[in-house]
Amino acid sequence: MGAPFDIGYVFSFLPKLLDTLGVTLLIVAGSLLTGIVAGFLVALPRMYKIPVLRTLSGVYLSFFRGTPILIQLFLFYYGLPEILKPVGLDLTRAPVMFFVILTYGLHTGAYAAEMIRASVEAVDRGQVEAAYAAGMTPYQAFSRIVLPQALGIAVPVFSNLVIALLKDTSLAFTLGVMEMTGKAQTLGTLTQHFIETYIALAFIYLIISFTLEKMLLAAERRLTRHENREEKRESIFRLKKRGSYRTVLADIHAGKGGGA
Amino acid sequence: MQLDPSFIWTAFWQLLGAIPTTLSITAVSVLAGFVIGAVTAMLRMYRAPVLAQIASAYVTFIRGTPMLTHLLIIYFGLPMIIDGLAEHFGWSFRSVSIPMIGFAYISFSITAGAYMSEVVRAGILAVDRGQVEAAQSVGMTTFQSLRRIVFPQALAAALPNLANSVIGMLHGSTLAFAVSVVDINAKAQIVASTNWKFFEAYLAAALIFWGLTVLIERVAALIEKRVGAYNRGGVA
Amino acid sequence: MIALSNISKSFGRNQVLQDISLNVNRGEVVVILGPSGSGKTTLLRCVNYLEKPGSGQIAVGDFHVDCSRARRGDILQLRRKTAMVFQQYNLFRHKTALENVMEALLVVKKLPAAEARKRSIALLEKVGLGAKLNEYPSRLSGGQQQRVGIARALALEPEVILFDEPTSALDPELVGEVLEVIRAIAREGITMIVVTHEMGFARDVANRVVFMDGGVIVEEGTPDEVFQHPKEERTKQFLRRITPEANYSI
């Protein structure tokens, strides 16, 4: 369909698509921020076992991880203004970006909450006991001893979260936001060179995720420099150097088993 | 525009008809994806000469790009390839005869395959090397030790991740609307726009997905209990 | 000057400590012995409230706490007067040896950095680790880590140092160096409560030995009294089981 394949178009599409990279990254950044805040708010009641809030957190987690992001996008975009009307908030003029970042943020928050809880709980209990025994307050023990170590543990999972979010943003065009995928579709329709735009699009996503992954790997190195570098875990089969057991687990643990 | 709670119920019934479509897309992509993933994982772990690199490239590509992009590339690219080959070889088959859902099946299977590859890899890694040594020391062949010792344990270890992957593909199936397949999501869009009740329709869709997800989680937990009974090392 | 009165504790239906009372005078080294499950570690951990006693009273120096009515501020106070050396060392993994010792000085005692640093270096040199100031725990041997742990406890200048099986997790050849350090500290007159299996150490260093079994103190006295002339049958049984002459295995 469309015009015959012409590889030259792939290259000429690249700069055009990069024009909208900013929008994509804006969504990622905004959603990450929102998500981490939401994640903390949701994780805390579960970590400290606060009665009512803990159940509410559970429902939040179940919902946002139990429904597809696409449905969530539509739900919030169409539904939120309606729900808030009786309360007197008029969101009908709110920019689309607001709904987009809000929804992606809440969605990411659900995964972030689990990441936060798991990494904090992974810090050896003895560390906390030593902190308490030395007379530190719970706040001091958390901020100076637990959190720094939890951060290092969380990075592989965080890395997957970020990359999953990046890929999820490709759905934002359904709400009319002109991010990269939306731009690619427009270019395709305009020039009838569909496959070329999508190849270019895939290429850009690849580069971005690769870069993000490398940056976060460097961050992980920095945050865990106090650890001995693990030797490759003995496995039945010889594995390539990349991918220790931990990173493979983290890859999957982020909960995103596949697509949207 | 008033909220019409009763319509949620109505919408729910109208969406029911689309559930089989969603489920079939999920099932096909998970099953085909598992096969692709298992083969890919094996190729990489055994370092088959050229194929391992291709497998790795495949996994890297899929995991670094959005599922929607895969769908679009297959949707626009596959016909080109098929028609090109058909011209060349003189087949009577043309891509036009591929039903829309076929593109969803193919694309999603390819996507699932890459993620499944990691699931399989982690499952096998989780089995202690000592197990294989023990199997070999009683005289089992490689194949026997794989089949009787490694795979059962790998399966038990991989179950939670498998469940996550199934759920991931269930959610991913909503992308099928982009190729005009009427899954739950597409149906919700139709119901919403024909009745001008967007929130209610999408809420119904969300609830259906939520229900299906919880169902899958429960089933997985049950299976895990039975299959992984020997391993109470984790949180019992 | 440490006075534990009528301490009781249960885990569920299991009463681990039954109405225990124990006094420790300033400068004394008290060693607590007993089989596993006797409650000795639990008792130790009650002193700095890492375990919460069900009832009883704890007095450290001139500070007094009623366990049934202990408030957060009380617990904090208690912990600031005591220090603990753990079986698993529990050094702060993400901090160097020096930073480990300095941490509480900076954060709890609120010393200025230069002062904290000076004190910490002196202490680490005292335990023989002057050359390892900037190493992370992951690069130190078990014995070295434990010595850092001891330096960390000393830094707090507590009323009493609590030792929870300080050498149990160590490889045999490293036990000696840690015991040496503990001996040296004891000689300086620091008040210590030590839970341990090291009988030789108990004999040499303890002023008093306390034998616990089944949640009660069965017998206490000087090392001579308890080891050479045990009065209770349970004490005798325990000593028979663990005295080296009876073992031909390591």
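The values are calculated or read from the model by the stated rules, or taken from the named source; none is laboratory data. Because the structure is predicted, anything quoted here is derived from the model rather than measured. Here the Cβ positions follow ideal geometry from the backbone for every residue, glycine too, while neighbour counts run over all protein chains shown. Accessible surface areas use protein heavy atoms only, side chains included; no ligands, DNA or RNA. Shrake-Rupley method; radii C 1.70, N 1.55, O 1.52, S 1.80 Å.
Summary of computed values
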read-out: Mean-position separation - Cα centroids, the stretch C:167-199 and the stretch C:1-58, in angstrom; value: 20 Å
read-out: Accessible area buried, both sides summed, chains A and B with 1.4 Å probe, Å²; value: 5300 Å²
read-out: Chain C, helix-only ellipticity at 222 nm - DSSP H runs n ≥ 4, -39,500 (n - 2.57), divided by all residues, nearest 500; value: -11000 deg cm²/dmol
read-out: Size of electric dipole in the protein assembly as shown: Cβ of Lys, Arg +1 and of Asp, Glu -1, about Cα centre, debye, nearest 20; value: 160 debye
read-out: Peptide C:71-83 - average C-beta neighbours from other chains (10 Å radius); value: 2
read-out: Overall dimensions of chain C by Cα: Rg and Dmax, Å; value: 18.2, 55
read-out: Mean separation of Cα contacts under 8 Å, 6 or more apart, over the residue count of chain B: relative contact order %; value: 31 percent
read-out: Gap separating the Cα centres of the stretch A:10-81 and the stretch B:39-101, nearest whole Å; value: 31 Å
read-out: Potential lengthening between A:L33 and A:A122 on full extension [0.36 nm per residue; Cα-Cα distance subtracted]; value: 29.7 nm
read-out: Length-normalised contact order of the stretch A:7-223 in % [C-alpha pairs under 8 Å, at least 6 apart]; value: 32 percent
read-out: Projected label distance in nm at C:R187 and A:S62, using a 7 Å step from Cα toward the beta-carbon; value: 6.6 nm
read-out: Residue-normalised accessible area of the stretch A:7-223, given per residue in Å² at a 1.4 Å probe; value: 41 Å²
read-out: CD proxy at 222 nm, helix term only [per DSSP H run n ≥ 4: -39500 (n - 2.57); per residue of chain A; nearest 500]; value: -23500 deg cm²/dmol
read-out: Exposure rank, largest accessible area first [C:R72, C:R119; 1.4 Å]; value: C:R72, C:R119
read-out: Protein accessible area in the protein assembly as shown, 1.4 Å probe - carbon and sulfur %; value: 60 percent
read-out: Interface residues in the stretch C:107-144 - accessible area drops by 30 Å² or more relative to the isolated chain, probe 1.4 Å; value: C:V107, C:V108, C:Y136, C:S138, C:R139
read-out: Occluded residues from the stretch A:185-225, i.e. those whose accessible area drops by 40 Å² or more once the chain is not alone (1.4 Å probe); value: A:I195, A:Y198, A:A202, A:L206, A:R225
read-out: Fraction of antiparallel bridges per DSSP, chain C only, in percent to nearest 5; value: 55 percent
read-out: Inter-label distance, nm, simple model (7 Å from Cα along the C-beta direction), C:F11/B:T60; value: 5.0 nm
read-out: Förster-model FRET efficiency, 35 Å R0, C:S21 and C:Q228, C-beta, rounded to 0.05; value: 0.90
read-out: Pairwise FRET efficiency - C:S68 versus B:V50, Cβ, R0 = 51 Å, nearest 0.05; value: 0.10
read-out: The stretch B:20-182 - accessible surface per residue (Å², probe 1.4 Å); value: 42 Å²
read-out: Two-decimal log10 I(q)/I(0) for the protein assembly as shown, as the Debye equation yields it once each C-alpha is a single scatterer, q = 0.06, 0.08, 0.09 Å⁻¹; value: -0.50, -0.81, -0.95
read-out: Fluctuation leader among C:R117, C:R240, C:R26 - chain C, Gaussian network, Cα springs under 10 angstrom; value: C:R240
read-out: Relative contact order, percent, chain C [alpha-carbon distance under 8 Å, six or more residues apart]; value: 25 percent
read-out: Selected from A:Y104, A:Y132, A:Y205 as most flexible by GNM, with chain A as the system and alpha-carbon contacts under 10 Å; value: A:Y132
read-out: Test item: A:117-124 mean partner chain Cβ contacts at 10 Å; value: 1
read-out: More than 16 Å apart - percent of Cα-Cα pairs taken over the stretch B:111-211; value: 68 percent
read-out: At least 40 Å² accessible surface lost relative to isolated chain, residues of the stretch B:66-105 (1.4 Å probe); value: B:P66, B:L68, B:T69, B:L72, B:I73, B:F76, B:M80
read-out: Shape metrics for chain A, restricted to C-alpha atoms - Rg then Dmax, Å; value: 21.5, 74
read-out: log₁₀ of I(q)/I(0) at q = 0.09, 0.11, 0.18 Å⁻¹ - chain B, Debye sum with one point per alpha carbon; value: -0.51, -0.72, -1.29
read-out: Order of exposure, largest accessible area first, which applies to B:L146, B:L155 with probe 1.4 Å; value: B:L155, B:L146
read-out: Surface accessible to a 1.4 Å probe, per residue, for the residues of chain C, Å²; value: 45 Å²
read-out: Choice from A:A202, A:A29, A:A154 with maximal GNM fluctuation in chain A (Cα, 10 Å cutoff); value: A:A202
read-out: Accessible area buried at the A-C interface, both sides summed, 1.4 Å probe (Å², nearest 100); value: 2200 Å²
read-out: Rg [Å, one decimal], Dmax [Å, integer] - the stretch C:58-157, C-alpha atoms; value: 14.8, 46
read-out: Spin-label proximity, B:V219 to the stretch B:142-186 - amide N less than 14 Å from point 7 Å beyond Cα toward beta carbon; value: B:162-171
read-out: Of C:K40/C:K231; A:K167/C:K95; B:K225/C:K52; C:K95/C:K118; C:K95/C:K126, pairs whose Cα-Cα distance is over 27 Å; value: A:K167/C:K95; B:K225/C:K52
